[in-house]
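One structure below.
Every number here is computed from the coordinates shown, using simple stated rules; none is lab data. From a predicted model like this one, the values you see are computed outputs, not experimental measurements. Please note: Cβ atoms are built from the backbone with ideal geometry, for glycine as well, and neighbour counts cover all protein chains shown.
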Amino acid sequence: MNDMTNLATRLGERAAGAWQEEAAVWLLATDGHWLPELERTGLIHDDGDGHSRIAWRQVAIACLSAGDGPLIGSPSEWQVLRLACLLTGRHALSLANLSLLDETNKRAALHAVAWASGGRAWADSLALLAA
C-alpha cells in the first residue's frame, strides 16, 4: 500500500459513520490530486491515535481564494475540493460551477452526493461510476 492509500484509509476510518465526511474523503481520494496537495500544505493533521483528519475549515477558507494561496489545482480540481467541503457542510458552492468538472469528476461528484445523502451502499446501487 502506498502512502496516499494509507492516508486515504486513515481519513476514511476517522470519517466512518458520518456519510457526508465519508463521501467527501472518498471524493478527494478518488480525484487523486487533493490528498497529496492538502498534505503538502499542512491541511491534513495526525490526531495522535493513528488517524488523520482534514482541516476542513481551513480548506473551505482556501476554496474562497482559489489560486491565490498555497493550494494548486485546475478548475475541475477546485470544483472537486469545493464539493467535498460542501458535502461536509463547511462551504457554500454555486452548483452552476459544477459544469467545470471533467467527465470523470462529474460521475464521482454524483456518486459522492448520493453517498452523502443515503450512504455508500445506496450510492453504489445507483451505478453512477459504471462507464
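With Cα atoms defining each centre, the stretch 31-88 and the stretch 2-27 are spaced 13 Å apart in the structure. Shape analysis of the stretch 4-71 yields a ratio of the Cα radius of gyration to the Kirkwood radius, Rg/Rh, of 0.95. Provide the FRET efficiency to the nearest 0.05 for the residue 55-residue 97 pair, computing r from the beta carbons and using R0 = 22 Å. For R0 = 22 Å, the calculated efficiency reads 0.45. Here the relative contact order of the chain, from alpha carbon pairs under 8 Å that lie six or more residues apart, stands at 27 percent. Net charge near residue 66: determine it from the other residues with C-beta under 13 Å of the C-beta of residue 66, scoring Lys and Arg +1 and Asp and Glu -1. Within the 13 Å Cβ shell, the charges total -2.
Amide H contacts of residue 52 (H built 1.01 Å from N, in plane; Pro and chain starts excluded): 11, 14, 47 sit under 5 Å, all sequence-distant by 5 or more or on other chains. Only DSSP H runs of four or more residues enter the estimate; each adds -39500 (n - 2.57), and after division by the residues of the chain the mean residue ellipticity at 222 nm equals -18000 deg cm²/dmol. Remark: the residue 64-residue 120 segment gains 17.3 nm on full extension, using 0.36 nm per residue and subtracting the alpha carbon distance. Sorted into 5 angstrom bins from 0, the C-alpha pair distances of the chain split as 2, 11, 21, 26, 22, 12, 5, 1 percent.
For the stretch 1-63, averaging the sequence separation of C-alpha pairs within contact (under 8 Å, six or more residues apart) and dividing by the residue count gives a relative contact order of 31 percent.
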